[in-house]
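The values are calculated or read from the model by the stated rules, or taken from the named source; none is laboratory data. Source: prediction; values computed, not measured. For neighbour counting, all protein chains shown are included, and Cβ atoms are generated from backbone atoms with ideal geometry for every residue, glycine included.
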């Protein structure tokens, strides 16, 4: 898959293509349907497929300070999109100047002049241009003017729930990693670099890997979870079972919120390594214990439940 930073980076000889546009945070089942449709349509037409997305999230530019939690970091998003068969990924820097483009300028500059769109696939809630003034109906009108067709991909839902990035963020924020996984089509992933903590886990007999995560990472609610940890942070790394604690360590009057993973049956050092956590199940909420012994007994129980859940 070719990757471009900015639509100005599209090769000059790029031919006509089928384009789909969106933030695609999470690349969830709804996004997969849209991108998959665009890829299939391009193959049927004998053209190249292009996924256009934005960085940073438009909300941060339009309403500074409102950046939503991020379900997939840029590198992870690109990997997931490539797996769906797209021929090219165009990441457009979402700047204040870009946010001022009118719907007509948006279509002319990107879809017509740069990507030579023959067909554009979008969700039926797609909006574009300054103040989100453009909708699918306007896109169809501009398509008639500039010579491309527009296809609406229906929203994907199950049991009356429409899968969206906002919905998945709410699931993760509530600690419902199972519901998030259903909507994503895979477990929610949190990545980071392992840093040194208080060494308290080691003193208790359960040494943990403390993750330093991305500033806007979508971190599950405080609690204990069963997860898979992957060294190297990608699919090529070794996957191991882990019991993950998220919270402030209330038994020790902690204040800093942390993500700590106890890797089952592992001996070694992960400091400085980049790892990923794929959350499978929520085990329990955070609790405060009066002494160390009941805490250790609970951790042992959490580890055993993790074994069962991941088995």
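Below is a table of values for the structure above.
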read-out: Test: residue in region 45-53 that is surrounded by 15 or more Cβ atoms within 10 Å (Cβ to Cβ), over 24 Å from residue 144 (Cβ atoms) and either in contact (Cβ under 8 Å) with a residue 24 or more places away in the chain or not assigned by TED's automatic domain parsing to the domain that holds residue 216 (or both); value: yes
read-out: Filtered residue count, region 266-311, keeping only those that are surrounded by fewer than 19 Cβ atoms within 10 Å (Cβ to Cβ), touching a residue at least 24 places away in the same chain (Cβ under 8 Å) and part of a loop (DSSP other than H, G, I, E, B); value: 9
read-out: Residue in region 233-247 that is under 20 Å from residue 294 (Cα atoms), modelled with pLDDT of 90 or more and surrounded by fewer than 20 Cβ atoms within 10 Å (Cβ to Cβ) present; value: yes
read-out: Residue list for region 1-30, filter: outside any loop (DSSP other than H, G, I, E, B) and farther than 27 Å from residue 164 by Cβ; value: 2, 8, 9
read-out: Subset of region 6-43 (residues that are more than 27 Å from residue 181 (Cα to Cα), touching a strand residue (DSSP E or B) at 6+ places or on another chain (Cβ under 9 Å) and surrounded by fewer than 23 Cβ atoms within 10 Å (Cβ to Cβ)); value: 6, 7, 9, 10, 11, 14, 15, 16, 41, 43
read-out: Residue ID - surrounded by the fewest Cβ atoms within 10 Å (Cβ to Cβ), chosen from residues in region 134-162 that are in contact with a helix residue (DSSP H, G or I) (Cβ under 7 Å, 6 or more places away or on another chain), within 18 Å of residue 23 (Cα to Cα) and modelled with pLDDT under 95; value: 155
read-out: Criterion: surrounded by fewer than 16 Cβ atoms within 10 Å (Cβ to Cβ) and either within 28 Å of residue 270 (Cα to Cα) or touching a helix residue (DSSP H, G or I) at 6+ places or on another chain (Cβ under 8 Å) (or both) - qualifying residue of 188, 178, 108; value: 178
read-out: Single match in 64, 74, 68 (criterion: surrounded by fewer than 22 Cβ atoms within 10 Å (Cβ to Cβ), in the same structural domain as residue 115 (by TED's automatic domain parsing), in contact with a helix residue (DSSP H, G or I) (Cβ under 9 Å, 6 or more places away or on another chain) and more than 18 Å from residue 115 (Cα to Cα)); value: 68
read-out: Selection status of residue 95, without any contact (Cβ under 8 Å) to a residue 40 or more places away in the chain, in contact with a helix residue (DSSP H, G or I) (Cβ under 9 Å, 6 or more places away or on another chain) and at negative phi; value: yes
